[in-house]
1. Given the protein chains as shown and a 1.4 Å probe, how many square angstrom of residue 25 are accessible, to the nearest 10?
2. Divide by every residue of the chain the summed helix terms, -39500 (n - 2.57) for each DSSP H run of at least 4, and state the resulting mean residue ellipticity at 222 nm, rounded to the nearest 500 deg cm²/dmol.
3. Using only alpha carbon pairs under 8 Å that are at least six residues apart, calculate the relative contact order of the chain and give it in whole percent.
4. Give me the 1.4 Å probe accessible area per residue for the chain, excluding ligands and nucleic acids, in Å².
5. Just 186, 28, 37 to compare: in a GNM of the chain, with alpha carbon springs under 10 Å, which one fluctuates most?
6. Packing-wise, with mean Cβ within 10 Å as the measure, how do 75-83, 124-132 rank, highest first?
7. Among 123, 179, 142, determine the one that fluctuates most according to a GNM of the chain built with springs between C-alpha atoms less than 10 Å apart.
8. As I understand it, the dipole of the chain uses +1 on the Cβ of Lys and Arg and -1 on the Cβ of Asp and Glu, about the Cα centre. Which of 115, 28, 188 lies farthest toward its positive end?
Amino acid sequence: MPPETLILLKETGAMFVYLFTQLTFLFLLISYLVGVLQHYIPPEKIRNILSARNGKGYVVAAALGAITPFCSCSTIPFLKGLMRAEAGFGPMMVFLFSSPLLNPIVITLFAVTFGFKVAGLYFLMAMGVSIIAGYSLEKLGFERFVKPIPVQENSGSCCGTSKPVSKWRKIWDEVWLDFKKALPYLFVGVLFGAIIH
């Protein structure tokens, strides 16, 4: 095997390990934080704030996406929390689109690199596109393609025993279960990312 190929394979492997470790950490951390937030914020409040019935829910979802410093991989656990709280489908899609496009890091880099006018224009366009996309998907009935997420029962025991389980442990168990389901997709995505890099 030529030395250039070995160097490329070594670099690809190193990039895979770096990305996989970083994204695993982010997924677990953000999923756990979302679980904690869900414990303290009632689902009714989230439903009221992110309702599709009024136009305000779309704008709030876009603003929420703009202030969260998440990449796409980290947005998914947050979105799953919104789904469990039964937030409006359109606003959830707005959040899904706006979060990776409008995070504070991206806007800051735009401002430093291209100036405040370009950063402002990008912000307005990304916000508008996110809101239009979320609203359109809702009106076209795309909600029917979303797989429902079962709501976990908050019993005080584990595995059919009467032994009490702490709320923090319950949150962690749910996060770990979600991570195991997402692991094959994460693995394949990171592998492609490392090869492309």
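The values are calculated or read from the model by the stated rules, or taken from the named source; none is laboratory data. As the structure is a prediction and not an experimental result, all values here were calculated from the model. Cβ: placed from backbone, ideal geometry, glycine included. Neighbour counts: every protein chain shown. Note: areas computed on protein heavy atoms with side chains; ligands, DNA, RNA excluded. Shrake-Rupley method; radii C 1.70, N 1.55, O 1.52, S 1.80 Å.
1. 130
2. Values: 8 runs with 148 residues, N = 197.
Value at 222 nm, helices only, nearest 500: -25500 deg cm²/dmol.
3. Numbers: 202 pairs, mean separation 50.4, N = 197.
Relative contact order comes out at 26 percent.
4. Dividing the accessible area of the chain by its residue count gives 64 Å².
5. 37
6. Numbers: 75-83: 20.1, 124-132: 16.4.
Result, highest mean first: 75-83, 124-132.
7. Of the options given, 142 has the highest mean-square fluctuation.
8. Of the listed residues, the answer is 28.
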